[in-house]
Amino acid sequence: MEKNGFKITLKNFYQGYAPLAHLSSVTELGNEGHASQMVNADVLGEVLQQGPGLANLTNGTQAGVVSELINYILDTPPASDSTYGIGATKLFKISSTAVASGGTPSWPKTITSATAGKTVAYLKGVLYYFFNTSSDSTIGNYDLASTFNDAWQTGLVKATLIPVAVKEDIMLFGHGRYVGTYFSNTATINKTKLDFGTNTEVADICFNANQWLIAVNSGITGTNRNQSQIFSYEAGATTTLLSDEVSVGVQKIGWLYPLNGVVYVAYQDLSFSGGYKIGYISGRRIEPLVNFTGSLPTYAQRTLYKDTILFLSSGLVYSAGAISPELPFAISQLADGGYATCGALSAPFGTPMIASTESTTYKLAQFSNYDVNSSWRSITIPVINEKMNGYIDEIVVRTNTLTSGASAALQLEFNQGSSTSETHTITTTGKRKHTFNVNQSDIEDFRVYINYAGSSTTANCPIKEIVVYGHYMERG
C-alpha cells in the first residue's frame, strides 16, 4: 500500500444501530460495527447474518382457527407445552407447535359478550382473562379443566390497556385510571384500590425488588403530549398509599420489563419522530440507553430472547440488550413481525411467536430458519484527505465456512448514496475469505451495503469482518 493509503475494518457487528441512526440514515457517528440501517439482521453474536424467518403454527391462520388478531399471549406457560392467548372475542390454547382446535373443552373458546380481549394471567391454578364488552371491562376465569366463568368480575372501567402482574397469591390489574387488587387466598377483590385521577391511564405493572411498579400516563390521549410517572407500591398491596415515584417527565410510557434486578422502560417523546427510547430506572430517574423508530409498544409486545428484550415497533421485531455481559447494551432490528399489523409478541416456549393481521388474514407465527428479506448498512465513512478524495481498491470479507446455498451481495454506496459500486457476491461452499476488486475513484464518503435477498432460508452467510482498502488521489 502507498504511504497515502488507508485500510478501514468493519467488525464487532453486535454494536447494533449507531447512536444517531434513528435520526439520519447517512450518519457518520459510530464505531466499526455500528449500522446506519438494517432490515431483519441478526447481529446479536460476533457475526452479521440473516435474521430469523417466520413459520406459521399448525392451525395458526384463518384457514385453521386463528380468525382474529391475538392481542396477548401468556409468556409463562401454566402447564407443560401449553399456554393461552386472547383475541377480540376468543380465548386460544397454544402449544409450541400448534393452536389448539376442537377437543374438550372445545378450542378456541368464544368469550360471551367480548369485543376486545386484552390480557391473560395465571394465579394459583386459575387462568384469568381480561376483555372489553360493549359497556365495560370484564374478567373471566378458567379452572384449566372444564369450567369457564366469562363474567367472574364485571364493571371495570372500559380500557384500551389492561396490564396485569402477579406474585405469590396477589394479582394487580390496571384499567383506565385505576389499579385493582385480588388476593386469591381470601378471594378478595378491590377493583379500584388505587385511583390516579382524571385523564390518567395505567400503562403497565410489574413486580421487582419486593415492590410493585406501576407506570401511569397522564394527559389527553391521541397525539397530545403525555406526562408520565412510575409509582412504587408496597409488596403486600394492602394500603392505598404509594411508596415513591419516578418522574419520567414529558414522555409516554409503553412498557416496563424487569430483568436481572434492573427495570427497563420503553417510552416516547412526542416532540420528534425519533423520540422512542429504551432506558432503565435508576433511583428516581430514567437513564436512557438506546433509541428506535416506529411506534410505542405495549405490555403485550415484549419478551425475553437470548438475554435481550425483544419488542415490536411498527410491525418489526427489535432486540435491546446484549447476549453476554461482556458486550455493550445495543439495539438492532432483528426480524419481521409478519403481516402489517402486529398483536402479541411472546416466547412461552423459548422461541418467539408473533400474532399479526392484514385485512381479513391472520396468523400466529414463530421464528424459523432465516429471512431473505435481510440487509445491513454500515455508518457513512468519509475518505477525504485535505484536497484529495478516496480511491477504493479492493474489499476483503471474512466469513464462517460457507455451506451450500449460502450467499450475500455486497455493494459500496458512495457520496451520500448518490452512486454505487457493482455488486459482489459472497458465496462458494467451504470458502471463508472473499476478495473483490473495486477500483472506484473520486470518493468523498462510502458505506458498505450487505443484502441477503439472493440467499437461502436454510443456509446462512455469517460475516465476521469486512476490510476496505484504498488510497488518496487528486480529484479527477
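The values are calculated or read from the model by the stated rules, or taken from the named source; none is laboratory data. On a predicted model such as this, the values are computed, not experimentally measured, just so you know. All Cβ positions, glycine included, derive from the backbone under ideal geometry; neighbour counts span all protein chains shown.
Summary of values
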{"item": "Pair list, Cβ < 9 Å and 6+ apart or interchain, from the range 155-173 residues that are within 15 Å of L74 (Cα to Cα) and touching a residue at least 12 places away in the same chain (Cβ under 8 Å) to residues that are buried (at least 19 other Cβ atoms within 10 Å of the Cβ) and among the acidic types (D, E)", "result": "P163/D204; A165/D204"}
{"item": "Of the criteria (1) at pLDDT 90 or above; (2) touching a Lys or Arg at 6+ places or on another chain (Cβ under 6 Å), which one G261 fails", "result": "(2)"}
{"item": "Residue within the range 2-11 that is in contact with a Lys or Arg (Cβ under 9 Å, 6 or more places away or on another chain) and either buried (at least 17 other Cβ atoms within 10 Å of the Cβ) or of a type in the set (D, E, K, R) (or both) present", "result": "yes"}
{"item": "Test set (1) touching a residue at least 24 places away in the same chain (Cβ under 8 Å); (2) in a loop (DSSP other than H, G, I, E, B) - T239 fails condition number", "result": "(1)"}
{"item": "Which numbered condition K193 misses (of (1) in contact (Cβ under 8 Å) with a residue 40 or more places away in the chain; (2) at positive phi)", "result": "(2)"}
{"item": "Residue tally, condition hydroxyl-bearing (S, T, Y), surrounded by 23 or more Cβ atoms within 10 Å (Cβ to Cβ) and out of contact with any helix residue (DSSP H, G or I) (no Cβ under 9 Å at 6 or more places or on another chain), over the range 309-333", "result": "2"}
{"item": "2 or more residues hydrophobic (A, V, I, L, M, F, W, C): qualifying strands (runs of 3 or more DSSP E) within the range 335-450", "result": "341-346, 353-358, 361-370, 388-399, 408-414, 433-443"}
{"item": "Pairs with Cβ under 8 Å, 6+ apart, first in the range 390-418 and under 20 Å from G45 (Cα atoms) and surrounded by fewer than 18 Cβ atoms within 10 Å (Cβ to Cβ), second of a type in the set (K, R) and modelled with pLDDT of 95 or more", "result": "R398/R432; R398/K433; R398/K464; N400/R432; N400/K464; T401/K431; T401/R432"}
